[in-house]
1. Karplus couplings for the stretch B:174-186 from phi (6.51 cos²θ - 1.76 cosθ + 1.60, θ = phi - 60°), rounded to Hz, Gly and Pro as x?
2. So, R0 is 25 Å and r is the distance between the beta-carbons of B:TRP130 and B:TYR70; what FRET efficiency does that work out to, to 0.05?
3. Between Rg and the Kirkwood Rh of the protein assembly as shown, both from Cα atoms, what is the Rg to Rh ratio?
4. Lysines within cross-link reach of A:LYS166: Cα-Cα under 23 Å, excluding same-chain residues under 8 positions apart?
5. Which of the GluC sites (Glu not before Pro) found in the stretch A:154-216 are loop residues per DSSP with 14 or fewer other Cβ atoms within 10 Å of their Cβ?
6. Relative contact order of the stretch A:181-257, please, whole-number percent, based on alpha carbon pairs below 8 angstrom and at least 6 residues apart.
7. Residue by residue through A:25-33, how many Cβ atoms from other chains fall within 10 Å of the Cβ on average?
8. Compute the acute angle (0 to 90°) between the alpha-carbon long axis of helix A:87-98 and the principal axis of greatest extent of the alpha-carbon atoms of chain A; round to the nearest 10°.
Amino acid sequence: MFGIVLAMDVMNIVWATVVVGGVGLVLGLLLGVTGHIFAVEIDPKQAAIRGCLPGNNCGGCGFPGCDGLAAAIFEGTAPINACPVGGAAAAAAIAEVMGVDAGDVADVEGKKAFVKCKGSNDVATLNEKGRKVCTYGCIACGLCARACSFGAITVENGVAVVDREKCVGCGACAAKCPKKIIELVPESKTHVVACSNHQTAKEVKEVCKVGCLGCTLCSKKCPEGAITMEENLPVIDYEKCTNCGTCAESCRFKVIS
Amino acid sequence: MGELIIIAITAALLSNVVLSQFLGICSFLGVSTKTDVAVGMGGAVVFVITVASAVAYFLYLLLDALGITYLDTIVFILVIAALVQIVESFFKKYVPSLYKALGVYLPLITTNCAVLGVALTNVQNKYNFWQSVVCGFGTAFGYLIAIVILAGIRERNANNDVPTPFKGSPIVMITAALMAMAFFGFANLAI
């Protein structure tokens, strides 16, 4: 009797395997046939362009994934250096595929994400729940870190920090930041304003030790006139900035560094 | 014949797949921004559900004969996935504009619970072949009606001055809820 039960179970398993496997096989063959019938011919050039792209599908270029960008470049609706992640290397490879000179288009500079807040838990004033009082700065929610496909952002001691080595400048973090305090800064520019608090000096003093008080010294000292004050915060025009460092020297609280 | 018509009308209007069974909400909300795209999506769903119902019927006969009906869900998923793949490659070849517009929602029909829901409902109600096919078609047609109406409303709503908290998804949800209430009026349809 035990043997019969066992035999039945075995047959059940066999039938289950045969049916599911059989159905899968038939459908697979069907798909193979229809795949041939409905095959879309992709220009090998487009496939080659796709091969030059990083394949992270981060969407930093504004197209739906790397396939979308490859199609757009192939059709000529996107420039060959449209991929912010691959940068000049990808642009050069694509230029070779497309048979154009990369020199004149590939010099567009890459960008790096920058968190405009340095208020770690040590320097920012915390409320009784241990949260920052400052309503402008990084709230350490971690959305940027999660949005980053490259592991370039970590939240350390209450503030998000970008690893410039890993950052590719796709902008995914900036789009996710609920405080809108992540800015994409041209790669070569070394001076950035690390505070987002628009309040007056007294109010900033109360909530953070490394906040910008809006003293306007940096904007007055800048020899290029690249810094303007907007709502108590300096804004650097990176078109004009020459990396001279006068602003960082003039800043008493090293908000610009 | 009369019975088939009743099944179709019941599936399409009385127990509308989206508005009273809450199946297939994902694509219902996702691809209902433009009417023509919504029609394409509805068409794809009609094809997939109708064919899936027919194929699922025969497969269930096979499973029933072998006494392994507990495998119905997994086998139905196989069939649906393959059908969606066929539809996708067809669209890619012959209607590339629609293929682009549907985007990720086309392969997502695979996991659209409406499709699997119909196949399993047919089995539960012990429908015969024609009843299954008609029920599948009716359900899918109900989906088509719902998504096209919603797309139409959204197109008109796009230029309206919606209060800020309701902009985007919330107003679509509210629209869908009002549509669902309206569809409940069909419950009193005397057939």
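Read-outs: derived from the displayed coordinates by stated rules, not from any lab. Please read these numbers as outputs of a predicted model, since none were measured by experiment. Positions of Cβ are backbone-derived with ideal geometry, glycine not excepted, and every protein chain shown enters the neighbour counts.
1. Karplus values, whole Hz, x for Gly and Pro: 5, 4, 4, 5, 5, 4, 4, 4, 4, 5, 5, x, 5.
2. Using R0 = 25 Å, I get an efficiency of 0.45.
3. Rg divided by Rh gives 1.10.
4. Excluding near neighbours in sequence, the set is A:LYS111, A:LYS112, A:LYS116, A:LYS118, A:LYS176, A:LYS179, A:LYS180, A:LYS189.
5. When the GluC sites (Glu not before Pro) of the stretch A:154-216 are filtered for loop state and at most 14 Cβ neighbours within 10 Å, A:GLU165, A:GLU187 remain.
6. 36 percent
7. That average works out to 3.
8. Taking the Cα atoms of chain A, the angle to A:87-98 is about 50 degrees.
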